Structures are given as structure tokens and as C-alpha cells.
Amino acid sequence: EPEVTQTPSHQVTQMGQEVILRCVPISNHLYFYWYRQILGQKVEFLVSFYNNEISEKSEIFDDQFSVERPDGSNFTLKIRSTKLEDSAMYFCASSENRPNSPLHFGNGTRLTVT
Amino acid sequence: AQSVTQLGSHVSVSEGALVLLRCNYSSSVPPYLFWYVQYPNQGLQLLLKYTTGATLVKGINGFEAEFKKSETSFHLTKPSAHMSDAAEYFCAVRGHSQGAQKLVFGQGTRLTINP
């Protein structure tokens, strides 16, 4: 069964550094998402992406964050200058072009900012 | 705006007992509803979904959920708990509009199974 893959599984970075989290969505999906989950807390929506542009973003997704689909397969989340509070699990998801289709999630990237 | 409330952040049951995880939603129109499971150090896996039609939906691993519009609920049940069911469970809602509709998650319920 096709799946969403995320790399790396764990990223450690120093405060103020830039990080790029990578995702390969399921190939025939058209909608892409990033969510994050701070340890022990709920899964929070960050951003959705369609047709090479952001569809919706949350208040968490400020100017430090950006997303890109640099080629036909990858979908990336960049954090320009990481803060301690960015430490979380980041999940990528994709879905088909139907509102009743579920989101398919990757296994996540655990980001630790020191 | 849509939202989901999961009653009980922790639920503990004995192996073989009934599992009941509660979820109530808030939406101006009947939404699409989902349950996801998260095993330790893993991603979110779809358990089941309700879109239209039959209000009792069956999912993987013996779980099922019933959509009750009058109660705005979508509770998850399993007749007999297994040790392997220990995980975090998330109820989620999605709107009907076309486009990249996001999933909105509840706070999650951690299910513990006692031997």
C-alpha cells in the first residue's frame, strides 16, 4: 500500500538554525499538509498546500515557516530560525482530491531544538 | 468552525473488556468524521471514517464507531480489548467544502489495557 514517507526521522538542531523537513506524499494525491505534535499534546494543523500554493495556514505558521514543492515528488517544511518551542513531532500528510477522503500521515520527524 | 471534544484524556480497561472512547463534534453541517490511532513513536493510522450512508462504521482491528447526529457524537468502541490496543486515539473532523480541507483533531485519549 502506498505511504507517505518523511525524512529524517529525528533531527537535532541548535536554536537559531534553519531546518528543512522532507516528505514524499502518496503519488496520486493532490493535497498536502503539515501538522505538529508537541510532546503529550494534541495534533495541531500548520498548513495545507494545493496547486503549488498555500490553501490555509494556522496562526502557528508564522513568517519563520515556509513550505515548498521543489519537484514532482517532495514536499518540504522549512523553519528559518528555530526556537526551543519548535521542538515537536512534525507530521506530513496527503489526501486525494475528494473532501471525504482521509488524510494519510507519515511517521513523522522528531525535531529537537537545543 | 468545526471542533472535536474527546471526553477523557486517559481510559484504562482490562483485557477482554469493552472499550468506549468518546467523541463529540461541533459543526454547522454534518461533517466527515474520522478516528486515528497512534502507537508509541509512530505516525497516525486511520482506524475508520464516516462520510455518508450507514451510521455504524467498522474499521480495522475490530473497532467500530456510530455517528449520532442528534447527539453530535461519534464514539469509538471495541467489544473486547486486546493488549495490542494500547495507544493514543484521536477523533477528527473535516469539512465538506472542496479543496484542501484540513482535519481538526481532538485532544486525544490514551488507552491503557490492564492484563
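With a threshold of 24 Å on the Cα-Cα distance, the over-threshold entries among A:LYS78/B:LYS49; B:LYS49/B:LYS78; A:LYS42/B:LYS102 are A:LYS78/B:LYS49. Dipole orientation for chain B: of the candidates B:HIS82, B:VAL37, B:THR72, B:THR72 has the Cα lying most toward the positive pole (charges on Cβ; Lys, Arg +1; Asp, Glu -1). What chain A shows is 50 Å² of accessible area per residue, with the surface traced by a 1.4 Å probe over protein heavy atoms. Using the average count of surrounding beta-carbon atoms within 10 Å as a protection proxy, the listed peptides B:15-28, B:52-65 rank, highest first, as B:15-28, B:52-65. Remark on region A:10-103: hydrodynamic radius 13.8 angstrom, per the Kirkwood mean of 1/r across alpha carbon pairs. Residue by residue along A:97-109, Cβ atoms of other protein chains within 10 Å of the local Cβ number 6 on average. Relative to its residue count, region A:30-83 spans a Cα convex hull of 95 Å³ per residue. Of all DSSP beta bridges confined to the protein assembly as shown, the antiparallel ones make up roughly 90%. Distance from the C-alpha centroid of region A:1-74 to that of region B:27-67: 23 Å, rounded to the whole angstrom. By DSSP, the beta bridges lying fully in chain A are antiparallel in about 90 percent of cases. Buried accessible surface for the B/A pair, both sides summed and rounded to the nearest 100, is 2000 Å² with a 1.4 Å probe.
Three principal axis extents describe the C-alpha atoms of the protein assembly as shown; from largest down they are 49, 40, 32 Å.
For region B:38-53, accessible area lost to neighbouring protein chains reaches 50 Å² or more, against the chain alone with a 1.4 Å probe, at B:LEU44. Just so you know, the Cα atoms of chain B work out to an Rg and Dmax of 13.7, 46 Å. Taking a cut-off of 21 Å, what percent of all Cα-Cα pairs in region B:47-115 are separated by more than that? Here the long-distance tail beyond 21 Å is 32 percent of all Cα pairs in region B:47-115.
The values are calculated or read from the model by the stated rules, or taken from the named source; none is laboratory data. Remember, it's a predicted structure, so these values are computed and weren't measured experimentally. So basically every Cβ, Gly included, is an ideal-geometry build from the backbone, and we count neighbours across all protein chains shown. All accessible areas refer to the heavy atoms of the entire protein, side chains included, with ligands and DNA or RNA removed. Shrake-Rupley method; radii C 1.70, N 1.55, O 1.52, S 1.80 Å.
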